[in-house]
Every structure is written in C-alpha cells, then in structure tokens.
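Colleague: What follows is a single structure, and I will ask about it in a moment.
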Amino acid sequence: MNFELDSIGKNFTSKQIYTDSERLQIWGKDWTNGFEINPSAIVFPETIEQVKEIISFAIRENVQLVPSGGRTGLSGGAVASNGEIVVSFDRMNAIKSFNASDKIVTCEPGLITADLQTFAKEQGFFYPVDFASAGSSQIGGNVATNAGGIKVIRYGLTRDWVAGLKVVTGTGHLLDCNFGLVKNATGYDFRHLMIGSEGTLGLIVEVDIRLTSPPPPQIVMVLAAEHSKDLIKVLKEFSQRLPLSAFEFFSDLALSKVLDHRELKAPFDKRSPFYALLEFDALQVEEAEKAFEVCEKAAWVQDAVLSQTENQSRKLWQLREGISESIASYTPYKNDLSVRIEDVPEFLEEVDTYVANSYPDFEVCWYGHIGDGNLHLNILRPEKLSIEKFFELGHEMSPRIFDLVSNKRGSISAEHGVGLLKKDFLSFTRSDEEIRIMRSIKSIFDPHQILNADKLIPAGVGTD
Ligand code: S2G
Ligand code: ZN
C-alpha cells in the first residue's frame, strides 16, 4: 500500500479504517462469484464530511475507491480486485427525517432496504420496491444499481421512488439533486444520471425516498403451465381484467431445487414444466378467477392454487424468492436478461434451443420477472465440471446468448447492472457512440478516475 491511511482525514478514528485480511475478504466483494478479492483497506465513513475527505485523499494519493453497500450485487459492482480502498456505508444507516405531507423519508445510504419497508409501514405508508435480498441490501446500493425486483410490474423500479439525492462526485463536490420536489424544470436532472451509475460518477450520501399508500390485502395465485410461451398469453388475459402487483415465473427445475433446499410443499400434486406466480388485490379475486377460466379453456394453464391466508401467501412466495439461495451451491452461471414482453416466448425458445444444441450437459434454470420482460437465465454447474472450466464455458456461451438478446433489442443486464461481469459485453446493448458519451460524462464527474474505474465502461470501446 503506497499511501498513508492515517492521513485520510483528521477526524477519522482507528475504528473506521481497517486493513486486516479478514475484513478485506469480507468487505472487498459482493455476491458475485469468480473475481479476485484484493482491496488494500476498508473505510467506514460516518458523515458526509468524511466522505468528502476520503475523495480528497483519493485524489491527492491517486487511490482507487470502490463504494460498498449491502454487498448483495450480482455483477461484481462492489468487488475490489486491484488494491482499491473500499468505502463501506454500513455506518451511515440512519433515517434522518420523515415528512408525511410529501411522504418523503430522508435516509443515509447504508439503511437496509427491509428497514425502510418496516419504517414506511409504521408510518402508515408503503415502500414498494422489493426483492429477495431486501434484508441485506442497502438503499444506496439499490439507487446505484436502480434495483428492480418482484413488484416492478405495478410500482416500477427504485428510480421511480427517488425524490432527491445527495452525492459526492469524484471532484469532492457535494451535489444536492432535486431537493425532494415533485416538479423541478430547471435543466438536466443529475439525480437520474446518478441512479444506476454503479458508483462510477459519485458516492451517494443521502436519499429522499417517496413512499406511497399501502396496498389493500393481496392474494397470491400460482398457475401450472406446459409451455413458457403460453405465460405471455396468460399475462395479457389477466392484465386486461385486473391490475397485477406481480407476475413472476419459474421452471420445474427451479421448483425442485427450492423444495430440496427448504421445508416446502409443491403447489400441485402433478408437476408441470413451468409455473407463474401472480399477486393482486383480494378484491379482484373474481376477475382473476374469470381470467383463469379463459386460460384453462385455452389450455395455456393446467391448474391453479390461490392463497387463503397471509401464511399461505408467504409460503407460495418462498417458492419463487427461495430460488436464488437454493441454487447457490451449484455456483450458477447467471445471465439477467430483458426483452420486450411480446418477444419473451420466442426468445425463451431460442435460448433453450441454443443451449441444448451447444451445451447439452448444461441444466437451464429459468426464473424471473416475466411480467416485465426480465428473465433470469441460470445455468447450473454440472458436478464433473470445475468452477473455473464452467465459468470459462459460460463466458464462451454468453456472446451467442447476447446475440439473441441484441437481435430483439433487449438488454444484457435487466436489473443486476454491468459492474465487472458484463462490462466486456456492453456493446451488445449500447452503441459505441453511447459508450463514448458515457466515458465523457464520467470524465466530468470523476476526472481523476478514482470511482469504480474498472466497472461498467469497457476499456477501448467508443474511444476516439
Ligand atoms: C431474483 C435474484 C438474484 C439471482 O431472484 O429475482 O434478481 O439472479 C434475482 O439469483
Ligand atoms: Zn430478479
């Protein structure tokens, strides 16, 4: 380490800066497999002033920084492989204020997503962005990756709930974006540039989150289907009759892994190749039953189960939300893809055909937010393959998968971000000119290239 850590800032205590290997290995990574973990230090700022001091230090000492939140990322966005200093927001996790008139919670970036959801409920409101990792993820990281999850079909993404944002840029300036206003027509909205920028333009130090009214009681319905392509017909039939809070899908392989991993019952006696999980207002159950009848008569679905209690809803949701954790032991090769909803059936078939023909030993585990076109393609590692060989084959396979995505003008990363994992494939979704503009924007907000400089923007592409 060729810099003096204790010169980071006059008011840092020794309990805020660590270099021991145990902490380096814990805070130097996220949930992404396959990358070297090699930070030089972990720093825990407690104030915005201290974040500004870290930026000044990094500029002065020409040190790379990697911002770190809940470390639940799946594209390596919080991985420190090259001696960077990890800036962890674990200790900036307070709710600073709540304003019921504007329904705005002002919080620090390290606030756990589930804690915000609980706080909103206690105030008689609702924070609708939700996903399996909400118990560990932090609001700052959710904003930096524009996290989506299971309720996007009705409530949108994190971006739709950020009313204001304070961010310290790579020059050490504090930008106070939008002040929590609903309307503010005064030029470029830097808030939306920072949302989804994956820590490459600035360090998020405060967020104004707008809440909404709590939904009425919900019902969960699980449907059994022979063909994934029929699920879009089901989606259309239901959507024409009632608003859906969620429309998820998963394959029988995914279900089998969850049943193996958890004490849960299969939703039906007879197994089917695919399942859809829907959630909607209980008041609309009659419309949902009519929609099911149409779908059953058309043979798009074969069976259905409706939750009768809160507990049953939770158990049915576990069938979907438990997938990621249940397949983790297979070190799956993950692709988080999106296409327009109308293209989902053909896209699923194209990917299945390609993998079956080219990698017959690979087990394709499909699941995801099919209701918003977001498909999680997880390939389970065959037991006989080493992790290294398996990931090598995964990287070899991906460009062909991304060709299929690109042919449908889809995205190679729907919600998990680009980070390190997808950086080299960015051109399958973004043009060279767009990447050139991204690089120019980064040079404005991070002219010293100290913020997650190895993430998101591929070297060489779009350079003059
Ligand atoms: C999901 C979680 C991460 C993954 O379950 O919706 O976003 O791909 C995923 O396992
Ligand atoms: Zn997801």
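Colleague: Compute the normalised compactness of region 267-382: alpha-carbon radius of gyration over 2.2 N^0.38 Å, N being the residue count.
Modeller: 1.20
Colleague: Hey, if you put +1 on the Cβ of every Lys and Arg and -1 on every Asp and Glu Cβ in the chain, which of Asn99, Pro128, Ile401 ends up farthest toward the positive end of that dipole?
Modeller: Value computed over the given set: Asn99.
Colleague: Considering only DSSP states other than H, G, I, E and B, which GluC sites (Glu not before Pro) in region 378-453 qualify as loop sites with at most 12 other Cβ atoms within 10 Å?
Modeller: Taking region 378-453 and a limit of 12 other Cβ atoms within 10 Å, the loop GluC sites (Glu not before Pro) found are Glu383.
Colleague: Over region 229-377, what is the mean sequence separation of C-alpha contacts under 8 Å (at least six apart), divided by residue count, expressed as relative contact order in percent?
Modeller: Rounded, it is 36 percent for region 229-377.
Colleague: Something else now. Using only the alpha-carbon atoms of the chain, report the extent along each of the three principal axes, biggest first, to the nearest angstrom.
Modeller: The Cα atoms of the chain stretch 70, 55, 43 Å along their principal axes.
Colleague: Follow-up question, since we're still on this one. Provide the percentage of antiparallel DSSP beta bridges, counting only those with both residues in region 1-152; round to the nearest 5.
Modeller: Details: 7 of 14 bridges.
Of the beta bridges lying entirely in region 1-152, close to 50 percent run antiparallel.
Colleague: Can you give the relative contact order of the chain as a percent, counting alpha carbon pairs under 8 Å and 6+ residues apart?
Modeller: Relative contact order, the chain: 15 percent.
Colleague: Now for a different question. Among the chymotrypsin sites (Phe, Trp or Tyr not before Pro) within region 142-231, which fall in a DSSP loop and have no more than 16 other Cβ atoms within 10 Å of their own Cβ?
Modeller: Within region 142-231, the qualifying chymotrypsin sites (Phe, Trp or Tyr not before Pro) (loop, at most 16 other Cβ atoms within 10 Å) are Phe179, Tyr188.
Colleague: Nearest-5 percent of antiparallel DSSP beta bridges in the chain?
Modeller: Percentage antiparallel, nearest 5: 90.
Colleague: How many percent of Cα pairs in region 324-363 exceed 15 Å?
Modeller: 56 percent
Colleague: Helix 230-239: angle to the longest alpha-carbon principal axis of the chain, degrees 0 to 90, nearest 10?
Modeller: Around 80 degrees separate the two axes.
Colleague: Could you tell me which GluC sites (Glu not before Pro) in region 258-365 are loop residues by DSSP with no more than 11 other beta carbons within 10 angstrom of their beta carbon?
Modeller: Glu263
Colleague: Assuming R0 = 30 Å, can you tell me the calculated FRET efficiency for the pair Leu181 and Ile444, based on Cβ-Cβ distance, to the nearest 0.05?
Modeller: The computed FRET efficiency comes out at 0.80.
Colleague: In whole Hz, with x marking every Gly and Pro, tabulate ³J(HN,Hα) for region 187-193 from phi via Karplus 6.51 cos²θ - 1.76 cosθ + 1.60, θ = phi - 60°.
Modeller: Once θ is set to phi - 60°, the couplings for region 187-193 become x, 4, 8, 5, 3, 6, 6 Hz.
Colleague: Fewest Cβ neighbours within 10 Å first, please rank Lys229, Lys389, Lys384 accordingly.
Modeller: Lys384, Lys389, Lys229
Colleague: How many angstrom separate the Cα center of region 128-167 from the Cα center of region 271-292?
Modeller: Using only Cα atoms to place each centre, the spacing works out to 26 Å.
Colleague: Continuing with this model, one more query. What ranking do 140-146, 56-62, 20-26 get when scored by the average of other Cβ atoms within 10 Å per residue, highest first?
Modeller: Output ranking for 140-146, 56-62, 20-26: 140-146, 56-62, 20-26.
Colleague: Using alpha carbons only, how many angstrom separate the centre of region 306-357 from the centre of region 384-409?
Modeller: Rounded to whole Å, the Cα centres lie 18 Å apart.
Colleague: Counting only C-alpha contacts under 8 Å and six or more residues apart, can you give the relative contact order of region 359-464 as a whole percent? The partial results should precede the final answer.
Modeller: Working: 86 pairs, mean separation 19.9, N = 106.
Answer for region 359-464 is 19 percent.
Colleague: Still on this model: If each of Glu433 and Glu396 carries a label point 7 Å out from its Cα toward its Cβ, how far apart are those two points in nm?
Modeller: Calculated label separation equals 3.7 nm.
Colleague: I've got another one for you. Rounded, prolate or oblate: which fits region 248-325 when a ≥ b ≥ c are the square roots of the eigenvalues of the alpha-carbon gyration tensor, with rounded for a/c under 1.5 and prolate only if a/b beats b/c?
Modeller: The shape class here is oblate.
Colleague: Decide, for region 384-423, between rounded, prolate and oblate: order the square roots of the alpha carbon gyration tensor eigenvalues as a ≥ b ≥ c, take rounded if a/c falls under 1.5, and otherwise choose prolate if a/b is larger than b/c, else oblate.
Modeller: In terms of gyration-tensor shape, oblate.
Read-outs: derived from the displayed coordinates by stated rules, not from any lab. This is a predicted model, so every value here is computed, not measured. Note that each Cβ is placed from the backbone with ideal geometry, even for glycine, and that neighbours are counted across all protein chains shown.
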